[in-house]
Amino acid sequence: MIHHLLFPNFHKPRKKASHFLHPTMNSPRPISVVSTFASPTSPCDSTKKPLSLWPGMYHSPVTTALWEARSKIFESLLDPPKDAPPQSQLLTRTPSHSRTTIFYPFSSDFILREQYRDPWNEVRIGILLEDLDALAGTISVKHCSDDDSTTRPLLLVTASVHKIVLKKPICVDIDLKIVASVVWVGRSSIEIQLEVMQSELKDAKASSDSVALTANFIFVARDSKTGKAAPINRLSPETEVEKLLFEEAEARNNLRKKKRGGDRREFDHGECKKLKAWLAEGRIFSDMPALADRNSILLKDTRLENSLICQPQQRNIHGRIFGGFLMHRAFELAFSTAYTFAGLVPYFLEVDHVDFLRPVDVGDFLRFKSCVLYTQLDKLDCPLINIEVVAHVTSPEIRSSEVSNTFYFKFTVRPEAKARNNGFKLRNVVPATEEEARHILERMDTEALNLSK
């Protein structure tokens, strides 16, 4: 149920929310999030904007707050002047120009708290992923805008998520904030870093905020008319911390280019030995299942799948399916996969990587397929479950299926669930084919390379 539409003059907001949603991007005051359930007696404006100005109705409280606070910026994107020229001169901007803080008053807003609560009295990670994508997108648009309503706006799309790491549980009873800014800019790509912060105690005054989660999103700019890569405004880091973040992001970008342009890496002797051992164990499952190791399971036996038809309510300002929605759905399937594999309630640790390989459109038949790719059992107190989710855009009419997204998640098992089961032990995952074995080794290698950077 939607509290009100995306623009302030579409519906009158509730009195409770009216003082929250007016700061501009450059305002130092954080944007406060409120619940999106309206009172049935809430009055509505008779003057309504046309449906064509809507970017869909699939919104969390954060996306609604962002749209209300920045409606003027985005209205120019939704209704650009005809035959407008592209931006003629690039600007140089600082990270502070688009730095934004989102505030969640969980301690005082009961309805907002209930919208984000999970069964363990923590914040729902799936909804938080939507919020992170929405905020990162807003900041990228602000940085790339030339503030000239007569020029052609850029089309900015999520290209990938480098990493999202949960550093501590996020309680739903304590106020929360997200601070986000641009950390790096290339010719036509931009990286946004977000930090989710929360006090250690329910009394926010009793303890300073600490970082609960970090995330890095990469967006690419396209000319909205030609679809070609478009240059974006430069970034000028000011502080030593901003300069360090820029250098780290530059190194990550160089690594991405190297991986895209490089040939398939040859495995070393140790990796080839491991691959052969996996395949030998996999053959036992196929040829002598009664003698197979009971502490192992074939990769194919960990798979789950679900499907959906993409609806107009899930679209973004460009008419494509909202990236945060895709991440949310992938997370829910990954969580379920880890749950059925472990037999105990899983605990989310991080998103290792997400790639947005092709756009997903309204009406697309989208299939999510998941599996446990491998486990890491060297730490008995924190065994790791690595989940892969692949999204396919399927077209039955032309008998076609294309990969649109790949998602990699890492889970462990909730401590309280493990404590109730003293005999708990995760199984090893065994590939049945050489293709599966090579894919696992490549993912392990990629993760090790990312950890070294």
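Table for the structure above
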quantity	calculated
Set 168/425; 276/410; 228/257; 273/379; 257/410; 163/274 screened for pairs whose C-alpha atoms are more than 21 Å apart	168/425; 276/410; 273/379; 257/410; 163/274
Semi-axes of the equivalent ellipsoid for the stretch 94-168, Cα gyration tensor, largest first, Å	30, 15, 12
Per-selection Rg to Rh, the stretch 307-364 - Cα, Kirkwood hydrodynamic radius	1.06
Surface accessible to a 1.4 Å probe, per residue, for the residues of the stretch 275-428, Å²	47
Extension gain from residue 167 to residue 253, taking 0.36 nm per residue of separation minus the Cα-Cα distance	28.6 nm
Part-to-part distance (alpha-carbon centres) for the stretch 405-419 and the stretch 114-170, which is given in Å	22
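The values are calculated or read from the model by the stated rules, or taken from the named source; none is laboratory data. It should be emphasised that the depicted structure is a prediction, and the values quoted were computed from it without experimental measurement. All accessible areas refer to the heavy atoms of the entire protein, side chains included, with ligands and DNA or RNA removed. Shrake-Rupley method; radii C 1.70, N 1.55, O 1.52, S 1.80 Å.
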